[in-house]
Amino acid sequence: MIVADRKPLEEILEMIKDYEKVLLVGCKGCVTVCNVGGRKEVEVLGAALRIARKKEGRPITLDETTIERQCDPEYLEQIRDIHDQYDGILSMACGVGPQFLSEAYPNQKFYPTINTKFMGGATEHGVWEERCAGCGTCLIHKYDGLCPIARCSKSIMHGPCGGSAKGQCEVSDDIECIWDTIVRKKMEQGRLEDLRIIRENKDWRTARDGGPRKSIREELKK
Amino acid sequence: MNENGLKSGSNLEKVLVAGHFAFTGECGPPKGANVEHLKEKYEHLRGMVDSVNITDNQTAVVRMSSVAASAIMVGDGIEPNYQMVCRDRNRLAMMADILGAYSLGIKNMLCLSGDHQHFGNHPQSKNVYDIDSIQLIAMTKLMRDEGKFPNGEDVDVPPKMFIGAASNPFGDPYEFRVHRLANKIDAGTDFIQTQCIYNMPRFREFMKMAVDMGLTEKCYILAGVTPMKSARMAKYMAKFVPGMDVPEELITRLEGAGKGKQAAEGIKFAVEQIEEFKEMEGVAGVHLMAIEWEHKVPEIAEMAKVLPRPTFD
């Protein structure tokens, strides 16, 4: 799923400082699963904004709603009747949300309340880790199900680099050296020869380097 | 190969091919356009070493470009070993710089991953890593030997570089390090300069594995030496420099030398190392990285009895 963090309250307050009536829109997709933009988080942020503005002596009218998915035009229709009743709209979805909202309602102003970080999952309660860089050409099978593109700080295809020590990345002790893990797994399984192959230069055209991407499924198009 | 049977005809290549024990040095370009400062540093190395590594934004701190500093040295009659890291440039920029470097008279090149920019003075920058160090070796070899770019197009005058790479015998997982060295050799490196060595027992073991695997028949391995200036420096390197293995005994030895004598003890240890490397099977030379201590190189070279350096007509 897409994993995100909420922006600091001060930053959100600054975005809407001139507004008196605001709508806060949550999303029941990924950001609900990673506990950052679902109904519960919408309530918490909504309350915090109201309190902060009251304290400033400039109370705000802030309505809340949480829709199925902000990345689907069908569900964006859920706010069509009310979208023009506000000075601005805060989106509590990943970076896709405010953009789909902007495209659906060109006359309204939309603001992000969260920072979208990566594609990953929860490794323990309250901890999410990156697993995929969305490079568009999956190579995971060559590395026993572990992706060096997403998980090595240098995305190298022949690791580990000289900075790997005790299973940790040179960048931080909090980062696992994924190459250390790949190598140990191959050694344990007696398949070291898999790592004696010189890999071709990666074709980054399928990644973001090739420009903004589209996925077209002709059989699904109407 | 050139007509003379050499790949590049660099001085370093000639020294190694002739079977001499190579001795290379290192020089970091200035944090600015201070050419005089650069000259002052490398002049200490003139006649003392076979080639001088010019670092490329080392530790991810921005400095005068390694290609420019290398070209200045070429003009001044000292042979550079031009370092290139994968952190700062994509394959287009790499190929362009390789061609540019060669056209400026640079004949040795060291292919490196590079420290992550997190360590440096511009940690906000984007990290490139379009290709990695092993792919950089292969690409340089392709351009040199086949006269081709990776897309199959012809190179109009191939860059005849003597291709080098680094190896860290002390990184983890330890058992895999010699295999990664083998990958670099398969990719086409002509010589290797190792990470600074302090843990001698471990390095002896590493070299034995390399010899047993036949790697030293395919590539010249230069052992990395950085003299410690003090016990404090040793402790710092042990703790903060990625992939560095500094045994406790060395720190104790430096501390035991007493105040004012630690630098001399550090040099003494480095000289002992060089003496051992001369005898060690598979070691073709020493790469001396006297960081911000270039003026000590003549003294160390003298003590290690590696002078005079061989010359060729």
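The values are calculated or read from the model by the stated rules, or taken from the named source; none is laboratory data. These numbers were taken from a predicted model, which means no experiment stands behind them. Methodologically, a virtual Cβ is constructed for each residue, glycine included, from the backbone with ideal geometry; neighbour enumeration extends over all protein chains shown. Heavy atoms of the whole protein, side chains included, go into the accessibility calculation; ligands, DNA and RNA do not. Shrake-Rupley method; radii C 1.70, N 1.55, O 1.52, S 1.80 Å.
You will find that of B:GLY243, B:GLY260, the residue that is at positive phi, away from every other protein chain (no Cβ under 14 Å) and in a loop (DSSP other than H, G, I, E, B) is B:GLY260 and no other. For B:GLY5, state whether it is within 19 Å of B:PHE191 (Cα to Cα), modelled with pLDDT under 95, open to solvent by less than 50 Å² (accessible area, probe 1.4 Å) and assigned to a loop (DSSP other than H, G, I, E, B). Judged against the criteria, B:GLY5 is a match.
Selection over the range B:107-157 of residues that are in contact with a helix residue (DSSP H, G or I) (Cβ under 9 Å, 6 or more places away or on another chain) and on the phi > 0 side of the Ramachandran plot gives a count of 2. Among residues of the range B:203-226 being assigned to a loop (DSSP other than H, G, I, E, B) and open to solvent by less than 70 Å² (accessible area, probe 1.4 Å), the one that is nearest to B:VAL271 (Cα to Cα) is B:THR226. Can you tell me which residue is farthest from the chain's Cα centre (by Cα) among those in the range A:69-105 that are farther than 15 Å from A:LYS21 by Cβ and among the acidic types (Asp, Glu)? Checked the range A:69-105; the qualifying residue farthest from the chain's Cα centre (by Cα) is A:ASP81. Within the range B:204-214, does at least one residue satisfy the condition of being within 14 Å of chain A (Cβ to nearest Cβ) and closer than 22 Å to A:GLY163 by Cβ? Scanning the range B:204-214 turns up at least one residue that is within 14 Å of chain A (Cβ to nearest Cβ) and closer than 22 Å to A:GLY163 by Cβ. Per the conditions (1) more than 10 Å from chain A (Cβ to nearest Cβ); (2) closer than 24 Å to B:ALA264 by Cβ, the sole criterion not satisfied by B:TYR220 is (2). Of all the listed residues (A:CYS138, A:CYS132, A:CYS177), the sole one being buried (at least 20 other Cβ atoms within 10 Å of the Cβ) and either in contact with a strand residue (DSSP E or B) (Cβ under 9 Å, 6 or more places away or on another chain) or at pLDDT 95 or above (or both) is A:CYS177. Comparison of A:MET119, A:MET92 shows that the only residue that is open to solvent by 20 Å² or more (accessible area, probe 1.4 Å) and not β-branched (Val, Ile, Thr) is A:MET119.
All conditions in (1) surrounded by 17 or more Cβ atoms within 10 Å (Cβ to Cβ); (2) more than 22 Å from B:MET84 (Cα to Cα) hold for B:PRO242, with the sole exception of (2).
Taking B:LYS141, is it touching a residue at least 40 places away in the same chain (Cβ under 8 Å), within 23 Å of the chain's Cα centre (by Cα) and either surrounded by fewer than 19 Cβ atoms within 10 Å (Cβ to Cβ) or assigned to a loop (DSSP other than H, G, I, E, B) (or both)? Taking the combined requirement at face value, the residue satisfies it.
Residues of the range A:44-68 that are under 19 Å from A:LEU101 (Cα atoms), within 22 Å of the chain's Cα centre (by Cα) and hydrophobic (A, V, I, L, M, F, W, C): A:ILE67 alone.
As for the range A:159-169, it holds no residue that is open to solvent by less than 40 Å² (accessible area, probe 1.4 Å), within 14 Å of another protein chain (Cβ to nearest Cβ), within 20 Å of the chain's Cα centre (by Cα) and on the phi > 0 side of the Ramachandran plot. When B:LYS229, B:LYS296 are checked against the criterion of being under 21 Å from B:THR59 (Cα atoms), at pLDDT 95 or above and open to solvent by 20 Å² or more (accessible area, probe 1.4 Å), a single residue qualifies: B:LYS229. Here A:GLY121 clears all of (1) of a type outside the set (Asp, Glu); (2) touching a residue at least 12 places away in the same chain (Cβ under 8 Å); (3) within 11 Å of chain B (Cβ to nearest Cβ) except the condition numbered (3).
The set of residues from the range B:178-201 being more than 9 Å from every other protein chain (Cβ to nearest Cβ), more than 20 Å from B:SER51 (Cβ to Cβ) and not hydrophobic (A, V, I, L, M, F, W, C) comprises B:TYR198, B:ASN199, B:PRO201. Scanning the range A:170-208 for residues that are more than 7 Å from every other protein chain (Cβ to nearest Cβ), in a helix (DSSP H, G or I) and closer than 20 Å to B:ASP186 by Cβ gives A:TRP179, A:ILE182, A:LYS186, A:GLU193, A:ASP194. Test B:PHE162 against the stated conditions and say whether it is within 12 Å of another protein chain (Cβ to nearest Cβ) and surrounded by 22 or more Cβ atoms within 10 Å (Cβ to Cβ). In short, no.
Could you say which residue among A:TYR105, A:TYR143, A:TYR86 is more than 30 Å from B:ILE134 (Cβ to Cβ) and buried (at least 17 other Cβ atoms within 10 Å of the Cβ)? After ruling out the rest, the residue left standing is A:TYR86.
Scan the range B:100-141 for residues that are within 9 Å of chain A (Cβ to nearest Cβ), β-branched (Val, Ile, Thr) and closer than 12 Å to B:VAL85 by Cβ and the total you get is 1.
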